[in-house]
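Asks: Before anything else, here's the structure in question.
The values are calculated or read from the model by the stated rules, or taken from the named source; none is laboratory data. Just so you know, these numbers come straight off a predicted model, no measurement behind them. Cβ coordinates were reconstructed from backbone atoms using ideal geometry, including for glycine residues, and neighbour counts include every protein chain displayed.
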Number of protein chains: 2
Amino acid sequence: MPRLRLALCQTDPAVGDLAGNAEAVVRWTRRAAEAGAHLVALPEMALTGYPVEDLALRGSFVEASRAALVDLAARLEREGLGGVPVVVGYLGRSGSAYHATDRPAGSPQNCAAVLHHGRVVSRFAKHYLPNHGVFDEYRWFSPGNQLPVVSLHGVDVALAICQDIWQDGGRVAATGEAGAGLLLVINGSPYERGRGEVRLDLVRRRAAEAGCPLAYVNLVGGQDELVFDGQSIVVSAEGEVLARAPQFEEALLLADLDLPAASDRTDGLVLGGGLQLVRTELGGGTNGRPAEPLAPQIAEPLTDEAEVYAALVEGTRAYVRKNGFGSVLIGLSGGIDSALVAAIAVDAIGAANVHCVSMPSRYSSQHSRDDAAELARRTGLHFRTVPIAPMFDAYMGALGLTGLAEENLQSRLRGTLLMAISNQEGHIVLAPGNKSELAVGYSTLYGDSVGAYGPIKDVYKSLVLRLARWRNEVAEERGEVPPIPENTLDKPPSAELRPDQVDTDSLPDYDLLDTVLDAYIEDDQGRDAIVAAGFDPAVVDRVVRLVDTAEFKRRQYPPGPRISRKGFGRDRRLPITNGWRRG
Amino acid sequence: MPRLRLALCQTDPAVGDLAGNAEAVVRWTRRAAEAGAHLVALPEMALTGYPVEDLALRGSFVEASRAALVDLAARLEREGLGGVPVVVGYLGRSGSAYHATDRPAGSPQNCAAVLHHGRVVSRFAKHYLPNHGVFDEYRWFSPGNQLPVVSLHGVDVALAICQDIWQDGGRVAATGEAGAGLLLVINGSPYERGRGEVRLDLVRRRAAEAGCPLAYVNLVGGQDELVFDGQSIVVSAEGEVLARAPQFEEALLLADLDLPAASDRTDGLVLGGGLQLVRTELGGGTNGRPAEPLAPQIAEPLTDEAEVYAALVEGTRAYVRKNGFGSVLIGLSGGIDSALVAAIAVDAIGAANVHCVSMPSRYSSQHSRDDAAELARRTGLHFRTVPIAPMFDAYMGALGLTGLAEENLQSRLRGTLLMAISNQEGHIVLAPGNKSELAVGYSTLYGDSVGAYGPIKDVYKSLVLRLARWRNEVAEERGEVPPIPENTLDKPPSAELRPDQVDTDSLPDYDLLDTVLDAYIEDDQGRDAIVAAGFDPAVVDRVVRLVDTAEFKRRQYPPGPRISRKGFGRDRRLPITNGWRRG
């Protein structure tokens, strides 16, 4: 039984940065080669970054990707790395027309290639294209119809891309039919809370169906609303976890696999589902097996809170850094939302790069000012105070506002103040809104919604509180000062835009609200179904109406890391003008 | 040869308003029946409105649509209208699974039904699903695989939905194979500049391919970013225009058509492309032909400027009205952009519902203040002046801003002022940004980008000027006062955020800029191709860089009527974090 040392490179490319991403492929391949790998794999579209969205429709970008791939193969050879085959995702073009979506030959495709001895020895396109949630792949790509198999060191390795294993049939079934010894899948699978379990179940099932081990390499890092958690994994045909990479960090996952010898299935064979077997011989003979396999590298998945918090930190760090900024600005109210956002920012880019400003009004309580200052003291971030009374008086003198107009004015004065400091000093602003608020429209356009990124926009208020407590506990376990003041954790939430205001004046208790929101948003349950589950019809009607009418505000909100099935980004597209008001 | 009186109802449904839309179907059917129609057709998804976007994924909405359809059939019968068959689009469910996108049986479909004698006598789903530009139909729907044919009064009428005729083959070819006497297509085809010509060419070609006349009924009105221009049309198999409805207004288009007698193709026959012929007999015998056909109703298409201007007016009216507002608020600078927006608003909802405010700063010229007041005087809209000096001084006193931060502050103070008046008085704010500005990021987040709708966000600056001049000329032809002051038309564009500033300080001349933008955005040409066409490489590099880095601002901009192939809405989806910087 041949033994193959497989290297899965869990990398963090930047969309569009072909030069930087190619550099990373070389760097990781060198590490893998130095570790004795026989086969190296990088994630889906690791050369272009993922998802490239409508950049895929720009012909000059497709050509640049194709050229970068050829250059990369040559460069690997030049640098003495040509001997180890590298599987890497890139943006390519189809050779034939695709009728279902009316795409001519030459249309873009989500491709992968095998690079070997300075050349591109195999190219293939994703077979199944996801077109739900955050995915629009029928918009960008036409599908491929091959089962690529590379034969090296006496083993047949079938190749697939991400969605290819999420749907029944296709390359998984074809891998079994072809009698391959390993199914290697390159992925760009975005993080969702608890996704690791789902993926593990999936790869186990698919390995069993393919009748061979399955190796799954995933992206890591952040791209706009998406976060990638890595957690690359290798399972045996029997479902045993043979290797697993950590979450939220770049990693080289090595696994020594004892694999069945190559079959004699013929190149060109047409398998079930119409997939054509395309075999590429890479040679290498039956390799001299290493005497002892490497000790298995099996990282443990994070706990729920640790995983979600890490996703928020990673999303924030990636967005700030990849957009070329070095520092952030946050309005600190003394409340739990901005406190958690500040803690995330400190963990993402360091307290020295986090600037906060307290902007009290006449309605701000003394404890709010104190709590904001206390958080700054505990974390060491930069802190200043700018009262908004002079600006408020100038507007009130000119306009004589009342009620909601007066409340929103305070929030907008703070937004304008943050942007002024941002423009003057070069920080980008982080918006503190949570998912419960955004769901019901309990935020002020151009006020607390101001910002380039919203680190907790996909986090319900009840989870905000859990994460804040968890972060403090972690600090205590480490013997560090908990970042978030106890008073911030304990006081009732309030926007402090009028005297003695608390959130529960106008909203249900957050635990109740979040449960109803979860049913309505995540589960897409209708009003009647939620009422039938035992909730007060008046509350449900009110929540449904608020959610339906807040679409405009949500669409104007900045992006933020997505952690749930349905965030408020491109994964959820609803009309603003919407006459449907019954759930 | 039987003669059929066909009624195409070019209607303006509101997305989600099932009750209101059903009411409209009854109202238009009554008009058609009173005019002696034998067959009535309403547009694609006229019962739900179009596009419903992710409402399609909400099971309770799909069920409500299906129930509304059954109710509608019964109601037509109750109101004495059951005798005339009505073809109407709705949101339905598939009977079978669709493997390509992994959808189970019961998944949503873009459907149409034929209602007759109180019952739903035929249902079918769109065969080709568009998934480009503004369309995401593989996200929402699974395709249908029938060729529905209704036989009435001795004629076979084949039915299709929108994209079914934009792709080769499919229902058009099958209609020819089935020997139908008429191909009736219901549509939700969004407006683009010059789209009428494209559609006319298409329906002529498809009529020839089907070998029979083709009737095309389209939506009219506005839905968020989309505008529908109607322009329903009937052409003969030889391509002659037999009837055409006007643009941008609801209309009943009647046409008496002499059609070939029904063939004897069998129900259940499988035609080319795998489409199954499903025939529904509606009876009616060979009808007593009306002695004289109606005189043909053939509306003339509007000129380029008239068409674009009407689209902007219609989009604005629909957005304001369908979202339940009665009045708008606009910041009037005295410049051309806000002047055109004000003229559009006055034409859309009447001067009595248009409120404007001049918000001069120390850098505002006297002519700007005068020009704003003059526009108000000419149009009769509500006008007030609120200087921003007190607010400006309050911020500058606290922060001591300079440069861009000081410039942006002025714009944001105005945004906050507009929102304060909006919240106090209940108007919605219109944003004055044009496409050239948005393309290069020459606008201020939370400043001049404030608003619920941007009437000219898809109009390049050079076209803004042409439309303004055109609108004045129309007024002169009608003997009315031209709304836009001549000085506003003639002066060099300036943001007036610092002394003696003009736009050409920081941007190329708009005619040059717009030409480069058009190549880069509308035509997706790369940097090298644009340079090769003869443009200054330094200008092209600069423009490309500006466009690529302004994605965040554009995504935060409010929706506005789309008039081009690529607006800045959901038809163009680019990453914010984008390392691609070479076109």
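Asks: Mind listing whichever residues of the stretch B:1-15 are in contact with a helix residue (DSSP H, G or I) (Cβ under 8 Å, 6 or more places away or on another chain) and closer than 9 Å to B:Ala37 by Cβ?
Replies: Within the stretch B:1-15, B:Ala7 is the sole residue that qualifies.
Asks: When you go through B:Val84, B:Val88 one by one, which is the residue that is more than 14 Å from chain A (Cβ to nearest Cβ) and either free of Cβ contacts under 8 Å to residues at least 40 places away in the same chain or under 18 Å from A:Gly579 (Cβ atoms) (or both)?
Replies: So the residue among B:Val84, B:Val88 that is more than 14 Å from chain A (Cβ to nearest Cβ) and either free of Cβ contacts under 8 Å to residues at least 40 places away in the same chain or under 18 Å from A:Gly579 (Cβ atoms) (or both) is B:Val88.
Asks: Let me ask something else. Can you find a residue that is without any contact (Cβ under 8 Å) to a residue 12 or more places away in the chain, of a type outside the set (A, V, I, L, M) and within 26 Å of B:Arg570 (Cα to Cα) anywhere in the stretch B:98-119?
Replies: Within the stretch B:98-119, one or more residues are without any contact (Cβ under 8 Å) to a residue 12 or more places away in the chain, of a type outside the set (A, V, I, L, M) and within 26 Å of B:Arg570 (Cα to Cα).
Asks: Let me ask you something else. Can you list residue pairs whose Cβ atoms sit under 8 Å apart, with the first residue in the stretch A:41-67 being more than 10 Å from chain B (Cβ to nearest Cβ) and free of Cβ contacts under 8 Å to residues at least 12 places away in the same chain and the second being crowded, with 24+ Cβ neighbours inside 10 Å and not in a loop (DSSP other than H, G, I, E, B)? Count only pairs 6 or more apart in sequence or on different chains.
Replies: none
Asks: Of all residues in the stretch B:363-373, count the ones that are within 33 Å of the chain's Cα centre (by Cα) and surrounded by fewer than 19 Cβ atoms within 10 Å (Cβ to Cβ).
Replies: Adding up the residues that qualify gives 1.
Asks: Also, quick follow-up: Wholly within the stretch B:466-583, which helices (runs of 4 or more DSSP H) include no fewer than the required count, namely at least 2 residues that are within 14 Å of chain A (Cβ to nearest Cβ) and either charged (D, E, K, R) or buried (at least 22 other Cβ atoms within 10 Å of the Cβ) (or both)?
Replies: B:527-532, B:537-549, B:551-556
Asks: Go through the stretch B:218-241 and give me each residue that's assigned to a strand (DSSP E or B) and either at pLDDT below 95 or under 25 Å from B:Arg27 (Cα atoms) (or both).
Replies: Across the stretch B:218-241, the qualifying residues are B:Asn218, B:Val220, B:Gly221, B:Gly222, B:Gln223, B:Leu226, B:Val227, B:Phe228, B:Asp229, B:Gly230, B:Ile233, B:Val234.
Asks: Residues of the stretch A:101-125 being within 14 Å of chain B (Cβ to nearest Cβ) and closer than 14 Å to A:Pro51 by Cα, which ones?
Replies: A:Pro108
Asks: Before we move on, is A:Val459 under 27 Å from A:Ala538 (Cα atoms) and within 22 Å of the chain's Cα centre (by Cα)?
Replies: Judged against the criteria, A:Val459 is a match.
Asks: Next question, about the same structure. Among the candidates A:Ala452, A:Ala394, single out the residue that is closer than 19 Å to A:Tyr557 by Cβ and out of contact with any Lys or Arg (no Cβ under 8 Å at 6 or more places or on another chain). Give the derivation first.
Replies: Working: A:Ala394 fails: closer than 19 Å to A:Tyr557 by Cβ.
Within the list A:Ala452, A:Ala394, the selection yields A:Ala452.
Asks: Now a separate question. Could you check how many residues of the stretch B:15-56 are hydroxyl-bearing (Ser, Thr, Tyr) and either surrounded by fewer than 24 Cβ atoms within 10 Å (Cβ to Cβ) or under 20 Å from the mean Cα position of the chain (by Cα) (or both)?
Replies: 2
Asks: Follow-up question, since we're still on this one. Within the stretch B:330-347, how many residues turn out to be surrounded by fewer than 23 Cβ atoms within 10 Å (Cβ to Cβ) and within 28 Å of B:Gly16 (Cβ to Cβ)?
Replies: Here the count works out to 1.
Asks: Continuing with the same structure: Filter the stretch B:167-219 down to the residues that are surrounded by fewer than 19 Cβ atoms within 10 Å (Cβ to Cβ), farther than 11 Å from B:Gly239 by Cα and either aliphatic (A, V, I, L, M) or in contact with a strand residue (DSSP E or B) (Cβ under 6 Å, 6 or more places away or on another chain) (or both) and list them by number.
Replies: B:Ala173, B:Val198
Asks: Quick one: which residue in A:Val114, A:Val62 is buried (at least 20 other Cβ atoms within 10 Å of the Cβ), over 21 Å from A:Val278 (Cα atoms) and β-branched (Val, Ile, Thr)?
Replies: After ruling out the rest, the residue left standing is A:Val62.
Asks: Only one of these conditions is not met by A:Glu63: (1) closer than 24 Å to B:Ile521 by Cα; (2) in contact with a helix residue (DSSP H, G or I) (Cβ under 8 Å, 6 or more places away or on another chain). Which number is it?
Replies: Every condition holds for A:Glu63 apart from (2).
Asks: Let me ask something else about it. State whether the residues of the stretch B:144-163 include one that is among the aliphatic types (A, V, I, L, M) and in a loop (DSSP other than H, G, I, E, B).
Replies: No.
Asks: Right, another one. Please determine, by comparing only the residues of the stretch B:301-323 that are small (Gly, Ala, Ser), more than 14 Å from every other protein chain (Cβ to nearest Cβ) and closer than 10 Å to B:Tyr191 by Cβ, which one is surrounded by the fewest Cβ atoms within 10 Å (Cβ to Cβ).
Replies: Keep residues of the stretch B:301-323 that are small (Gly, Ala, Ser), which gives B:306, B:310-311, B:315, B:318.
Those left that are additionally more than 14 Å from every other protein chain (Cβ to nearest Cβ): B:306, B:310-311.
With the extra rule that they be closer than 10 Å to B:Tyr191 by Cβ, the set shrinks to B:310-311.
Details: B:Ala310: 20, B:Ala311: 28.
Only one residue fits best here, namely B:Ala310.
Asks: Taking the stretch A:165-217 as the region of interest, how many residues are out of contact with any Phe, Trp or Tyr (no Cβ under 9 Å at 6 or more places or on another chain), within 14 Å of chain B (Cβ to nearest Cβ) and assigned to a helix (DSSP H, G or I)?
Replies: 2
Asks: Take B:Asp571 and tell me if it is at positive phi and of a type in the set (D, E, K, R).
Replies: No: the conditions fail for B:Asp571.
Asks: Please enumerate the residues belonging to the stretch A:438-451 that are touching a helix residue (DSSP H, G or I) at 6+ places or on another chain (Cβ under 7 Å) and not β-branched (Val, Ile, Thr). Quick ask: steps written out before the conclusion?
Replies: Step one: list which residues in the stretch A:438-451 are touching a helix residue (DSSP H, G or I) at 6+ places or on another chain (Cβ under 7 Å), which gives A:438-441, A:443-450.
The answer is A:Leu438, A:Ala439, A:Gly441, A:Ser443, A:Leu445, A:Tyr446, A:Gly447, A:Asp448, A:Ser449.
Asks: Here's another thing I want to ask about it. Could you run through the stretch A:537-577 and say how many residues are of a type outside the set (D, E, K, R) and touching a Ser or Thr at 6+ places or on another chain (Cβ under 8 Å)?
Replies: The total comes to 4.
Asks: Could you tell me which residue of the stretch A:69-108 is surrounded by the most Cβ atoms within 10 Å (Cβ to Cβ), considering only residues that are more than 18 Å from A:Glu34 (Cβ to Cβ) and among the basic types (Lys, Arg)?
Replies: If we take residues in the stretch A:69-108 being more than 18 Å from A:Glu34 (Cβ to Cβ) and among the basic types (Lys, Arg), then A:Arg103 is surrounded by the most Cβ atoms within 10 Å (Cβ to Cβ).
Asks: Quick one: is B:Met359 over 21 Å from B:Tyr319 (Cα atoms), in contact with a strand residue (DSSP E or B) (Cβ under 7 Å, 6 or more places away or on another chain) and modelled with pLDDT of 95 or more?
Replies: Details: over 21 Å from B:Tyr319 (Cα atoms): yes; in contact with a strand residue (DSSP E or B) (Cβ under 7 Å, 6 or more places away or on another chain): yes; modelled with pLDDT of 95 or more: yes.
Yes: the conditions hold for B:Met359.
Asks: For the stretch A:231-271, what are the residues that are on the phi > 0 side of the Ramachandran plot and buried (at least 20 other Cβ atoms within 10 Å of the Cβ)?
Replies: The answer is A:Gln231, A:Phe248.
Asks: Just one of (1) within 28 Å of B:Gly569 (Cβ to Cβ); (2) at pLDDT below 95 trips up B:Pro499, so point out which.
Replies: All conditions pass for B:Pro499, except number (1).
Asks: Further question: Tell me which residues, restricted to the stretch A:537-583, are touching a strand residue (DSSP E or B) at 6+ places or on another chain (Cβ under 8 Å) and touching a residue at least 60 places away in the same chain (Cβ under 8 Å).
Replies: Residues satisfying the conditions are A:Pro558, A:Pro559, A:Gly560, A:Pro561, A:Arg562, A:Ile563.
Asks: Count, please, the residues in the stretch B:144-160 that happen to be touching an Asp or Glu at 6+ places or on another chain (Cβ under 7 Å) and of a type outside the set (Val, Ile, Thr).
Replies: 1
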